[in-house]
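Step one of this worksheet: look at the structure below.
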Amino acid sequence: MRKPHELSRCESVAHQNIFNARKRDTRRELIPGWVKIAQYVANTPSEGPYRRFALWTQGCSIGCRGCCNPAMQDPDGGEVMEVTKLVDIILNTQGIEGITLLGGEPFQQALPLAKMAIAVREAGLGVMAFTGYTLESLTKQGKAAHMLLEETDALIAGPYIKERGSSKKRWIGSDNQKVHFLSSRYKNCKEFQRPGQSIHLSFSDDAIAITGFPDLFPV
């Protein structure tokens, strides 16, 4: 398990982004739409750089063998939540630098997630997404996928291939997957060059949420 978070050169940038997000006027027009979610963890340091709101979508037809979240593949599982409610929850979460979209497969619900991403970016937060598609295949999909790509700062792309599983690079499950910086926000962030993975445990009154890569740290 990795050591507690150490300050990096871009840590001050993250703190400034949080400060700016709090300062900005977050009033906005109502955003129509619903999204099928499996779960969310409001504040975790293990699903991207800095502390983030992590949202797992429900439903994925890619079906990677050895998927770490097989229960999230079923499109009939999870719960439906209004995009405006999700945005309110995110913007009322203290101390986060951005959000991370996981799954399931976020790009199979690209339109409502793009609308959500627009709202949180307008509030000063960053957007990171994991997808089982390659970036090349996403660029050939429809308008909704393009909208979500335009609102994504960092993309971890590619299917999980069990035979190529790797823990050498942060947030990479198998060595065919690639990190794409779609904006300048995280391009110089050294968190992406750090070796190894991490996990984070969040405790509530009736549950424990494990984020990161728990399969690498059996308990």
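Where a number appears in this text, it was derived from the coordinates with a stated rule and is not lab data. Just so we're clear, the structure is a prediction, and the values are computed from it rather than from any experiment. Note: ideal-geometry Cβ built from the backbone for every residue, glycine included; neighbour counts use all protein chains shown.
The table for this structure:
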item: Hey, ILE62 within 28 Å of ILE161 (Cα to Cα) and in contact with a helix residue (DSSP H, G or I) (Cβ under 8 Å, 6 or more places away or on another chain) or not; result: no
item: Residue, nearest to the chain's Cα centre (by Cα), within segment 164-173, restricted to residues that are surrounded by fewer than 17 Cβ atoms within 10 Å (Cβ to Cβ) and outside any loop (DSSP other than H, G, I, E, B); result: GLY165
item: Breaking point among (1) among the charged types (D, E, K, R); (2) in a loop (DSSP other than H, G, I, E, B); (3) without any contact (Cβ under 8 Å) to a residue 60 or more places away in the chain, for LYS85; result: (2)
item: All positions within segment 42-96 that are of a type in the set (Lys, Arg) and over 15 Å from the mean Cα position of the chain (by Cα); result: ARG65, LYS85
